[in-house]
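One structure is given below, encoded as structure tokens.
The values are calculated or read from the model by the stated rules, or taken from the named source; none is laboratory data. This one's a predicted model, so the numbers in the text were calculated from it and none came from an experiment. Glycine gets a Cβ as well: all are built from the backbone with ideal geometry, and neighbour counts include every protein chain shown. Ligands, DNA and RNA are stripped out before the accessible areas are found, and what is left, the full protein with its side chains, is counted by its heavy atoms. Shrake-Rupley method; radii C 1.70, N 1.55, O 1.52, S 1.80 Å.
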Amino acid sequence: MGKTSLKDILDGYLDTLKEQPRKPGSAFDKHDLLVQIVLPIGVALLYGTAWPLAGDALDRMCSNIVTGVSIVSSLMCGVAVMIFQLRVQLAAPGDVDASEAEVELVDETFSNVLWTVVVGFAAVLLLVLGDVAGAIAPVLRKVLVSVSIGLVTNLAIVTCMGLKRMNASYLTVARVWGKARRS
């Protein structure tokens with residue numbers, strides 16, 4: 001798989017779920033696992049077993065999800081570029097002297113943003129495949145849409161986590177760089 005493997009993005013995301021401070025062999029934070037992994041799986045299972053929408057309502061919902069998730073994922077690609085630029089600036093020698101924790105915060109934010117892009121694109125792909133699969137086997141469509149709903153739930157949660165980390169990164173940069181300019 002090499003060049004097409006997304007394992008590093010998955011590993012980066014999973015590392016953000018570990019307890020603080022992160023050290024090799026750190027355990028996963030149980031609350032983060034519950035909210036970011038178990039909850040989306042539960043939502044997917046609930047949709048798959050008890051969702052009342054069918055027919056036109058399901059088609060409209062899937063269409064709206066494809067549109068919304070595509071927009072969010074595309075915007076997050078732009079955010080990833082900006083965070084990458086911030087990381088380059090933090091790594092460059094100069095006026096800014098960021099702590100290890102501050103750099104780690106930026107790295108974790110980047111990992112969260114990349115994960116939202118991957119999950120968003122995967123969710124959209126499953127919804128599109130679900131439309132095709134529906135013509136072959138309606139139950140297969142339900143399975144694909146259920147998995148997609150779980151991914152969209154994870155996307156929403158991780159996007160919120162990413163926003164929280166972006167805010168913390170911004171406050172760090174404003175404090176650190178503001179100090180460097182006043183000196």
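Taking into account only those residues within segment 130-155 that are in contact with a Ser or Thr (Cβ under 9 Å, 6 or more places away or on another chain) and under 28 Å from G78 (Cβ atoms), which is modelled with the lowest pLDDT? Selected residue: G130.
When you go through L75, L163 one by one, which is the residue that is within 23 Å of the chain's Cα centre (by Cα), assigned to a helix (DSSP H, G or I) and farther than 21 Å from D32 by Cβ?
Details: L163 fails: farther than 21 Å from D32 by Cβ.
Step by step, each of L75, L163 is checked, and only L75 is within 23 Å of the chain's Cα centre (by Cα), assigned to a helix (DSSP H, G or I) and farther than 21 Å from D32 by Cβ.
Which of the residues spanning segment 74-95 are touching a Gly at 6+ places or on another chain (Cβ under 9 Å) and among the polar types (S, T, N, Q)? Across segment 74-95, the qualifying residue is only S74.
Given the residues K7, K18, K30, which is the only one that is surrounded by 11 or more Cβ atoms within 10 Å (Cβ to Cβ), of a type in the set (K, R) and modelled with pLDDT of 90 or more?
On the way: K7 fails: surrounded by 11 or more Cβ atoms within 10 Å (Cβ to Cβ); K18 fails: modelled with pLDDT of 90 or more.
Within the list K7, K18, K30, the selection yields K30.
Against the conditions (1) touching a Ser or Thr at 6+ places or on another chain (Cβ under 9 Å); (2) part of a helix (DSSP H, G or I), A98 satisfies every one except (2).
Confirm whether A80 is touching a residue at least 24 places away in the same chain (Cβ under 8 Å), aliphatic (A, V, I, L, M) and outside any helix (DSSP H, G or I).
no
The residue of segment 166-183 that is nearest to the chain's Cα centre (by Cα), among those that are at pLDDT 75 or above and surrounded by fewer than 12 Cβ atoms within 10 Å (Cβ to Cβ), is N167. Just to be sure before I move on: is L125 open to solvent by 60 Å² or more (accessible area, probe 1.4 Å), over 11 Å from the mean Cα position of the chain (by Cα), closer than 24 Å to S5 by Cα and modelled with pLDDT of 90 or more in the structure I sent? Spelling it out, L125 is indeed open to solvent by 60 Å² or more (accessible area, probe 1.4 Å), over 11 Å from the mean Cα position of the chain (by Cα), closer than 24 Å to S5 by Cα and modelled with pLDDT of 90 or more. If you go through segment 49-65 and keep only what is of a type outside the set (A, V, I, L, M, F, W, C), more than 14 Å from G130 (Cα to Cα) and either modelled with pLDDT under 75 or surrounded by 13 or more Cβ atoms within 10 Å (Cβ to Cβ) (or both), you end up with P52, D56.
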